[in-house]
Amino acid sequence: MQSFWSFIEPLVLIAPKVVLAAGAIVFPLLFVIPAPYGRHTRKGWGPSLSAKVAWGVMESPSVFLFAAVWLANPHFGEPMVVALGALWLLHYGQRTFVFTSLMPKEGKPMPFVTVGMALVFNVLNASGNAGSLASRPVDVPFVLGTLLFLFAMGLNVHSDHVLRTLRAPGETGYKVPARGAFRWVSAPNYLGEILEWVGFAIAAQSLAAWAFAAFTFANLAPRARANHRWYQQQFADYPKARRALLPFLW
Ligand code: NDP
C-alpha cells in the first residue's frame, strides 16, 4: 500500500489543478460545441461504441481507482475519511452499475474520443479526490454538505429515472418530460449532479473536491442550456415558464 501511495501521490497533488484548468477550458467551449453524445450526437467524431459499454468503461476508475487510492490514503480509517469515501462510492456505484445496467440497449452510441476524454478525466479526478480526503472533528460544514449531497443525489437519480421511463421499450425518440423537477427546469438531473458535488466539497473542504464541483458546473451548465434550446426548437408547445437549470432564473 505504501509503495502504491508513493507512486500515486504526485498524481494526487497535480490532479486538482488539471481539473480546474480543464473546467476553465471546457466552460466557454461547450457553449459553442456541445459534447457529441445523446441528442447532440452528430457525424464527424470518428468511431463510436455502445452507450452502455461506454458509461461502464468511463466511470469505472471512479469506483475502482478511487477505492484503491482511498485505501492507500495515509488517513484511511479516520471517521470523516471513511464517511466521505463512502458517499463518493455511493454515487459512483449507482452511476457505474445501476444507471448503466438500467440504460436501454437502444441508447445512442458514444464516440471513442468522448469516452477517452472522460476516462482520462476520471482517472485524474478519482485519484485527486481519494488521495486528498483528510479528517477533522465533525463540524457544521460536514453535516450540511453531507445533507446537500444526499438530497441532490435523490434529485439526480429521480430525474434520470423520469427520463428513462419516457420511452416505451424499443422506442428511440424524444418526449417532453413533465414529472418531478422537470416542472421547473429542463435539466434537473444536471442540477442534482452539480449540487451533489458542491455538497461534497462543502463537506470535504479539499481543493480536489472544489475543483470537481467547479468542473461539473463548467461541463453541465452549457449542456443544460443546449438541451433547453433543443427542446424549445423541437417542441412548439414546450412549457414557456420552464428554465434550463435554475428554477425561475436561468
Ligand atoms: P441526458 O439527459 O442527455 O440523457 C439521459 C438518458 O435519458 C439517455 O438515455 C437519453 O437518451 C434519455 N433521454 C434524455 N432526454 C430524453 C427525452 N426527452 N425523451 C426520451 N429520452 C430521453 O443525460 P446525460 O447522458 O448527459 O447524463 C446522464 C447522467 O450522467 C446524469 O445524471 C448526469 O448528471 C451525469 N453526468 C455527469 C457529468 C459530470 O460532469 N459529473 C457529465 C455528464 C453526465 P439518448 O441517449 O437517446 O439521448
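The values are calculated or read from the model by the stated rules, or taken from the named source; none is laboratory data. This structure is a prediction, so every number in the text was calculated from the model and none was measured. In this analysis, Cβ positions are derived from the backbone assuming ideal geometry, glycine residues included, and neighbour counts consider all displayed protein chains. In case anyone asks, the SASA skips ligands and DNA or RNA and just uses the protein heavy atoms, side chains included. Shrake-Rupley method; radii C 1.70, N 1.55, O 1.52, S 1.80 Å.
Can you give me the angle between helix 188-204 and the longest principal axis of the chain, using Cα atoms only, in degrees from 0 to 90, rounded to the nearest 10?
The angle comes out at about 10 degrees.
Which one, Ala54, Ala35, Gly116, projects farthest toward the positive side of the charge dipole computed for the chain from Cβ point charges (K/R +1, D/E -1)?
Working it through, the farthest residue towards the positive pole turns out to be Ala35.
Hey, any idea what % of the stretch 82-144's accessible area is carbon plus sulfur with a 1.4 Å probe?
Carbon-and-sulfur percentage of accessible area, whole number: 82.
Cα centroid distance between the stretch 154-187 and the stretch 80-120, in Å?
Their Cα centres are 18 Å away from one another.
Tell me, what HN-Hα J-couplings in whole Hz come from the Karplus equation 6.51 cos²θ - 1.76 cosθ + 1.60 at θ = phi - 60° for each residue of the stretch 56-68, using x for Gly and Pro?
So the J values, rounded to whole Hz, are x, 5, 6, 8, 4, x, 6, 9, 6, 5, 4, 4, 5.
Just tell me which aspartates and glutamates come within less than 12 Å, Cα to Cα, of Lys175; anything on the same chain fewer than 8 places away is out.
Asp237
What list of ³J(HN,Hα) values in whole Hz, one per residue of the stretch 70-77 in order, does the Karplus curve 6.51 cos²θ - 1.76 cosθ + 1.60 (θ = phi - 60°) give from phi, with Gly and Pro shown as x?
With the stated coefficients, the stretch 70-77 comes to 4, 5, 7, 4, x, 8, 4, x Hz.
Per residue, how big is the convex hull of the stretch 2-234 when only Cα atoms are used? Give it in Å³.
Taking only Cα atoms, the stretch 2-234 has a hull volume of 120 Å³ per residue.
Quick one: helix 207-234 against the long Cα principal axis of the chain, what's the angle to the nearest 10°, folded into 0 to 90?
On a 0 to 90 degree scale, this one is about 0.
Each residue of the stretch 81-97 in turn: what ³J(HN,Hα) in whole Hz from Karplus with 6.51, -1.76, 1.60 and θ = phi - 60°, glycine and Pro shown as x?
Rounded to whole hertz, the list is 5, 5, 5, 5, x, 5, 4, 4, 5, 4, 5, 6, x, 4, 5, 6, 9.
For helix 2-32, what angle does its Cα long axis make with the longest principal axis of the chain, in degrees from 0 to 90 and rounded to 10?
The angle comes out near 30 degrees.
For Ala168 and Ser101 in the same chain, what is the full-extension length gain: residue separation times 0.36 nm, less their Cα-Cα distance, in nm?
Roughly 22.4 nm would be gained on extension.
Please work out the average accessible area per residue across the chain, using the 1.4 Å probe convention, and give it in Å².
48 Å²
Could you work out Rg/(2.2 N^0.38 Å) for the stretch 19-144, with Rg from alpha carbons only?
Relative to the rule-of-thumb radius for its length, the stretch 19-144 sits at 1.22.
Quick check: Cα centre of the stretch 29-62 to Cα centre of the stretch 225-240, how many Å?
22 Å
So which chymotrypsin sites (Phe, Trp or Tyr not before Pro) in the stretch 195-248 pass both tests, a DSSP loop state and at most 14 other Cβ atoms within 10 Å of the Cβ?
Phe235, Phe248
Take the Cα of Leu144, step 7 Å along the line toward its Cβ, and report every residue of the stretch 81-109 whose backbone nitrogen sits under 11 Å from that point.
It comes to no residues whatsoever.
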